[in-house]
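Nothing in this text is a laboratory measurement; each read-out follows from the coordinates by a stated rule. Just so you know, these numbers come straight off a predicted model, no measurement behind them. In this analysis, Cβ positions are derived from the backbone assuming ideal geometry, glycine residues included, and neighbour counts consider all displayed protein chains.
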Amino acid sequence: MRPPFIALSLALLTIVGCASGDEKPPATPPVTAAPVTPPPATISPAHLMTGLVLLHHHALLQSLSETPASPEEWRSAETHAELLVEAAEILLRHTSASEESWRAAADSLKEGGLETLAGLEARSLAEARSGFEHLNTACSTCHQECGADDAPPWK
């Protein structure tokens with residue numbers, strides 16, 4: 001039989017040795033999410049243009065004809081700009097987006113919408129109008145280069 005102090009010493013050494021922290025648990029590899037690819041657009045470009053782009057383009061044009069008089073009018077104009085940016089996102093998911101000219105026009109539409117939105121959020125009519133001109137140029141370019149059936153209606 002071992003003396004009690006030896007058994008106690010061995011028990012303490014075992015506990016201290018196990019809890020010394022010298023051994024690190026294995027590193028867990030970081031979890032990375034798989035990139036999410038949005039589904040392709042199912043709406044035809046013609047329907048997108050008449051149902052979303054033209055509607056909000058005309059409303060935004062009207063909103064920018066004079067300085068919005070109230071916070072609600074500024075917010076309404078911002079909403080129209082935001083929806084034009086969303087329309088550009090949908091256009092980028094359309095099957096025609098594999099064509100470089102299509103992607104460039106949709107990117108330009110998005111940039112013009114974002115510039116317009118930034119001007120509206122800054123409550124700067126001049127900046128919003130400048131962004132809107134960029135947006136108009138994107139539309140005109142697409143109608144010329146991407147083979148749209150007709151010229152943009154503001155021409």
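General observations
- Overall form of segment 75-150 per C-alpha gyration tensor (a/c, 1.5; a/b vs b/c): prolate
- Cβ-based exposure ranking for 85, 31, 53, in which fewest neighbours within 10 Å come first: 31, 85, 53
- Two-site FRET efficiency, residue 144 against residue 27, from Cβ-Cβ distance with R₀ of 41 Å, rounded to 0.05: 0.15
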